[in-house]
Amino acid sequence: MKDLRSDITSGLKPVTGYVGGRFVAPTGAEIPVLDPASAKPVAVLHESDAGEVDAAVSAARMAFRAGHWAEASVAQRQKALLAIHDLILANAEELAALETLNTGIPYSQTKNMHVPRAAQNFRFFAEFINQDGGEVFTQEKGYMSFVTYEPMGVCALIGPWNMPLGLTAMKMAGALAFGNTCVVKPSEITPLTLSRFFELIHDAEILPEGVINLVNGRGHVTGEALSAHPDIDMVSFTGGTATGARILSALAQGIKGGAMELGGKSPSIVFDDADFDRAMDGALLGSFMNNGQMCLAGSRLFVQESVADRFIEEFTARTKALRVGDPFDPATEIGPMINAAQVERVMSYVESGRAEGATLLAGGASIEGRDGFYIEPTAMQAESNALAICQEEIFAPFATLQTFTDEEEVTERANDSMFGLVGYVWTADLERALRMSRRLATGTVLVNTPIMRDLRTGFGGIRQSGIGREGAKGSRAMFTEMKSTIVALERPALPRMGTGS
Ligand code: TXE
């Protein structure tokens, strides 16, 4: 584990942009890139300023207009997407190690889940475009109407730090599959994996010049220059709700749209008829996978009264027993938080929970004596869903537990949220599961399973969890313009204006 960390760290180059098929010289403002497990800088990011962003957007526009990609046959696009799939898998260990180094997410998770998932995104969209088509309508006598889906043009893809490769690969795979060119902006906190990913694609000469471009830097510099650029056609964003709102305002100036995958505070409801052990395993995974830094975390738990004592006791014991440590250690279940600000933020929620009357069940403190940004996995019991710890996204290994009496009551409390990303239901009663699927105000409902993502379905939220859906037709809606063509088949009689008859 020490070797993997030092091998990956010693090979790091300065992070720069990639514009029109070339890596940019490292001249931009320098921003340190940290390893959250040691709190030490491991690389330097050279920030892309407005000029570099403009060059990246122009390169993407020129590539789009040239048509080598937008007008390529589906077979050619499939071939490229599958080549990227293979490339990710061939370099899985290196990409996973970079992801772990930069995010602190356990290597067991980046290697076995995130990187294969990033590859699968490209395979999925390669297969989807081979089967996907438009629609034809023949109901209007004398006419044939058809709908086709055309690429939007230049897509700005802005990614978060909690799963940099997986979440941004999803956007890239969708944008490219439908014939767009793109400018990608990773989080300035976690630029390492995507930078290497671009280098791999460049070396393998998979895509025509300018089809993918990379800019790096802070949100208020590089992110704003990109989302406010007049020549982008849309933004696909994953990140915080406040940032999503800023990006939407920038887009509104140009009457453009965007797809926003924002925060969540997803309820996970355990009914007393559920398979207790599976619900317990699922609740722990839903709260603590990915260091708890997941938009779809099911960390707002509701447990039915008759099983609550037993559930809370076991959940507390297992939260205390979680192995926190070096994310490269195969035994580690929880790595460090992304940065010091996040540690402080979590601690402020422990305080606010206490002040509002919640009971601390487990954790609640940062771990002293280690260099990195480590905290104890935390669980608090709350009497009311109105507490800040039950309403706000904490984005950390932090679960809240509430008890409930019946379906009516829990539905109301689960839906009492400004977010609406995922609703988890644990029950053995099929009718109840289907009722809850209708009643929960969320974009996705998962029944008796944690963290399952089926790319054929759309993923995204309602309310302040976002706009748009990622996956199959959801991504098509995001990355294409629907065009309707209506053809007269029988020369229907037309009123002859201006003839006086
Ligand atoms: O995210 P930001 P932050 C939530 C989570 C977290 C909070 C804040 O609760 O604690 O958001 O995290 C870019 N124009 N999630 O502040 O700022 C930024 O550079 C254009 C949920 O780190 O939203 C980065 O690339 N871009 C979540 C990206 O936006 C801008 C994932 C995300 O950063 C910009 C991450 C601007 N004005 C955080 N400002 C999820 N849903 O999975 C910033 N950016």
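Considering only helices (runs of 4 or more DSSP H) fully contained in region 349-465, which possess at least 1 residues that are within 16 Å of the ligand (Cβ to nearest atom) and either closer than 22 Å to residue 276 by Cβ or hydrophobic (A, V, I, L, M, F, W, C) (or both)?
388-391
Considering only region 487-497, I want to know if a residue exists there that is in contact with a strand residue (DSSP E or B) (Cβ under 9 Å, 6 or more places away or on another chain), at pLDDT below 95 and within 16 Å of the ligand (Cβ to nearest atom).
So far as region 487-497 goes, no, none of its residues is in contact with a strand residue (DSSP E or B) (Cβ under 9 Å, 6 or more places away or on another chain), at pLDDT below 95 and within 16 Å of the ligand (Cβ to nearest atom).
For the structure I just gave you, tell me whether residue 35 is touching a strand residue (DSSP E or B) at 6+ places or on another chain (Cβ under 8 Å) and modelled with pLDDT of 95 or more.
When the stated conditions are applied, residue 35 passes them.
What number of residues within region 129-174 satisfy the criterion of being within 16 Å of the ligand (Cβ to nearest atom) and not in a strand (DSSP E or B)?
14
Just to be sure, is residue 277 among the charged types (D, E, K, R) and assigned to a helix (DSSP H, G or I)?
Yes; evaluated as a whole, the condition is true for this residue.
Name the single residue that is least open to solvent (accessible area, probe 1.4 Å) among those in region 277-291 being out of contact with any helix residue (DSSP H, G or I) (no Cβ under 9 Å at 6 or more places or on another chain) and closer than 14 Å to residue 379 by Cα.
286
Conditions first: (1) within 15 Å of residue 478 (Cα to Cα); (2) within 11 Å of the ligand (Cβ to nearest atom); (3) touching a Cys at 6+ places or on another chain (Cβ under 6 Å). Residue 264 passes all but one, so which condition is the exception?
(1)
Against the definition (in a loop (DSSP other than H, G, I, E, B) and either polar (S, T, N, Q) or over 10 Å from the mean Cα position of the chain (by Cα) (or both)), how does residue 187 come out, yes or no?
yes
Restricting attention to region 98-106, does a residue exist that is at pLDDT 95 or above and surrounded by fewer than 23 Cβ atoms within 10 Å (Cβ to Cβ)?
No, that holds for no residue.
Mind listing whichever residues of region 210-231 are surrounded by 18 or more Cβ atoms within 10 Å (Cβ to Cβ) and in a loop (DSSP other than H, G, I, E, B)?
Correct list: 210, 211, 215, 216, 217, 228, 229.
One residue is enough: does region 60-79 have a residue meeting the conditions on the phi > 0 side of the Ramachandran plot and more than 25 Å from the chain's Cα centre (by Cα)?
Residues of region 60-79 that are on the phi > 0 side of the Ramachandran plot, as a first pass: 67.
Still in the list and also more than 25 Å from the chain's Cα centre (by Cα): 67.
Yes, region 60-79 has at least one match.
Within region 422-444, is there a residue that is under 25 Å from residue 256 (Cα atoms), acidic (Asp, Glu) and open to solvent by less than 90 Å² (accessible area, probe 1.4 Å)?
No: region 422-444 contains no residue that is under 25 Å from residue 256 (Cα atoms), acidic (Asp, Glu) and open to solvent by less than 90 Å² (accessible area, probe 1.4 Å).
Under the condition of being open to solvent by 10 Å² or more (accessible area, probe 1.4 Å) and not charged (D, E, K, R), which residue from region 267-276 is nearest to the ligand (Cβ to nearest atom)?
So the residue we want is 274.
Filtering region 180-209 down to residues that are open to solvent by 10 Å² or more (accessible area, probe 1.4 Å) and of a type in the set (D, E, K, R), which residue is nearest to the ligand (Cβ to nearest atom)?
The selected residue is 188.
Scan region 76-107 for residues that are assigned to a helix (DSSP H, G or I), touching a helix residue (DSSP H, G or I) at 6+ places or on another chain (Cβ under 9 Å) and among the polar types (S, T, N, Q) and jot them down.
78, 100, 102, 103
If you check residue 217 against the conditions, is it in the same structural domain as residue 54 (by TED's automatic domain parsing), under 17 Å from residue 50 (Cα atoms) and in contact (Cβ under 8 Å) with a residue 60 or more places away in the chain?
yes
Take the residues in region 324-345 that are among the β-branched types (Val, Ile, Thr) and over 21 Å from the mean Cα position of the chain (by Cα); name whichever of them is farthest from the ligand (Cβ to nearest atom).
332
Would you check if residue 298 is open to solvent by less than 10 Å² (accessible area, probe 1.4 Å), more than 10 Å from the ligand (Cβ to nearest atom), part of a helix (DSSP H, G or I) and not assigned by TED's automatic domain parsing to the domain that holds residue 18?
Values: open to solvent by less than 10 Å² (accessible area, probe 1.4 Å): yes; more than 10 Å from the ligand (Cβ to nearest atom): yes; part of a helix (DSSP H, G or I): no; not assigned by TED's automatic domain parsing to the domain that holds residue 18: yes.
The answer is no for residue 298.
Residues of region 236-250 being within 6 Å of the ligand (Cβ to nearest atom), in a helix (DSSP H, G or I) and open to solvent by 30 Å² or more (accessible area, probe 1.4 Å), which ones?
First pass over region 236-250, keeping only residues within 6 Å of the ligand (Cβ to nearest atom): 238-240, 243, 246-247.
After this cut, where a residue has to be in a helix (DSSP H, G or I) as well, the list is 243, 246-247.
The answer is 243, 246.
The values are calculated or read from the model by the stated rules, or taken from the named source; none is laboratory data. Given the structure is predicted, the values throughout are model-derived calculations rather than measurements. Positions of Cβ are backbone-derived with ideal geometry, glycine not excepted, and every protein chain shown enters the neighbour counts. Just the protein is used for accessible areas: all its heavy atoms, side chains included, with ligands, DNA and RNA removed. Shrake-Rupley method; radii C 1.70, N 1.55, O 1.52, S 1.80 Å.
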